[in-house]
Amino acid sequence: LKQAVRKDLKPIPWYTYPAIKFIEGRLKSSMKVYEFGCGNSTLWYSQRVNWVDSVEHDKEWYDYIINSMPKNVSINQSYKDYVDDIDSRGCKYDLIVIDGLNRGLCARKAVLNLTKNGVIILDNSDKQKHKSAVDFLDNTGLKRIDFFGLAPMCARNVCTTIYYPQDNILDI
């Protein structure tokens, strides 16, 4: 199975390298993160923040990755309730990552489940199939930074976008 790792084989998110570098130094140990789609980014966040909740649609990937997760991670596996999983958690998040299925619908859920100073990371925002997520988030009043560049296992430039309010958890 393909995985995003550094040259020392430590996990990293499958975002653009400029986005990873920007985010890494701004994370706080008190943060709560939610991910639509889990993987090495989940492991990466778990080493830097207080708690990570995630939902994964792919049963095979979930079975593969679940045993490597630390105690500060909770992953639900669901295809049917993928978009609505975040509502079942009963809390707001400082950082919400949209990097899986139905990104347009996930963007709508992310805005509703974000703390007032929370941020949203939309990966692969350059892809036409995620245009509904970009269009929705562009109209929320949140500011936007695009990080174009190479990403693990990508031979062309791609984009990871961060949406954030004026006063935000990442101090942008």
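What follows draws every value from the coordinates through simple rules; no lab data is involved. Please read all numbers here as calculations on a predicted model, not as lab measurements. Cβ atoms come from the backbone with ideal geometry, glycine included; neighbour counts cover every protein chain shown.
For M31, neighbours were defined as the other residues whose beta-carbon sits under 9 Å from its Cβ, and their charges (Lys and Arg +1, Asp and Glu -1) total +2.
Which residue fluctuates the most in the chain, going by a Gaussian network model with Cα springs under 10 Å, if the choices are Y17, Y93, Y34? Of the options given, Y17 has the highest mean-square fluctuation.
Working note: Karplus 6.51/-1.76/1.60 with θ = phi - 60° gives the range 37-45 the couplings x, 10, x, 5, 4, 4, 4, 4, 5 Hz, where Gly and Pro are set to x. Sequentially through the range 105-115, phi angles give Karplus couplings (6.51, -1.76, 1.60; θ = phi - 60°) of 5, 5, 4, 5, 5, 4, 4, 6, 10, 9, 5 Hz, Gly and Pro residues having no value and appearing as x. Take the Cα pairs of the chain, get the Kirkwood Rh, then feed it into Stokes-Einstein at 25 °C and 0.890 mPa s and tell me D in µm²/s. Estimated diffusion coefficient is 154 µm²/s. Fully extending the segment from Y64 to Q47, taken as 0.36 nm per residue of separation minus the present Cα-Cα distance, adds 4.2 nm.
Rounded to the nearest 5, what % of the DSSP beta bridges within the range 71-172 are antiparallel ones?
About 70 percent, rounded to the nearest 5.
Rounded, prolate or oblate, given the Cα gyration tensor of the range 1-93, with a/c below 1.5 counting as rounded? The shape class here is oblate.
Listed values for the range 78-89 are Karplus-derived 3J(HN,Hα) couplings in whole Hz (6.51 cos²θ - 1.76 cosθ + 1.60, θ = phi - 60°), namely 7, 9, 5, 9, 3, 5, 7, 3, 4, 5, 6, 7, and x replaces Gly and Pro. Here the chain carries DSSP beta bridges of which approximately 40% are antiparallel, counting only pairs with both residues inside.
Placing R0 at 25 angstrom, the Cβ-Cβ distance between Q166 and R108 gives a FRET efficiency of 0.70 after rounding to 0.05. Ranked by the mean number of other Cβ atoms within 10 Å of their residues, highest first, the peptides 35-45, 135-145, 160-170, 96-106 fall in the order 35-45, 96-106, 160-170, 135-145. Among the listed pairs K32/K109; K92/K129; K80/K143; K28/K71; K109/K131, those with a Cα-Cα distance over 22 Å are K92/K129; K80/K143.
Near N50: Cβ cut-off under 12 Å, other residues only, Lys/Arg at +1 and Asp/Glu at -1. The net charge is +2. For a modelled paramagnetic label at N72, 7 Å from Cα along Cα-to-Cβ, the residues of the range 20-47 in reach, with backbone nitrogen under 16 Å, are 24-35, 41-47. The mean sequence separation of alpha-carbon pairs under 8 Å and at least six residues apart, normalised by the residue count of the chain, gives a relative contact order of 23 percent.
You can think of it this way: the chain between T140 and K21 has 40.3 nm of extra reach, that is 0.36 nm per residue less the Cα-Cα gap.
The relative contact order of the range 13-99 comes to 33 percent, based on Cα pairs under 8 Å that sit 6 or more residues apart. Summing +1 for each Lys or Arg and -1 for each Asp or Glu among the other residues whose beta-carbon sits under 13 angstrom from that of S78 gives -4. Report summary: the helix-based calculation at 222 nm, which adds -39500 (n - 2.57) for every DSSP H run with n ≥ 4 and divides by the residues of the chain, gives -6500 deg cm²/dmol. Amide H contacts under 5 Å for D126: C159, restricted to partners 5 or more places along the chain or on a different chain, H placed in the peptide plane at 1.01 Å from N.
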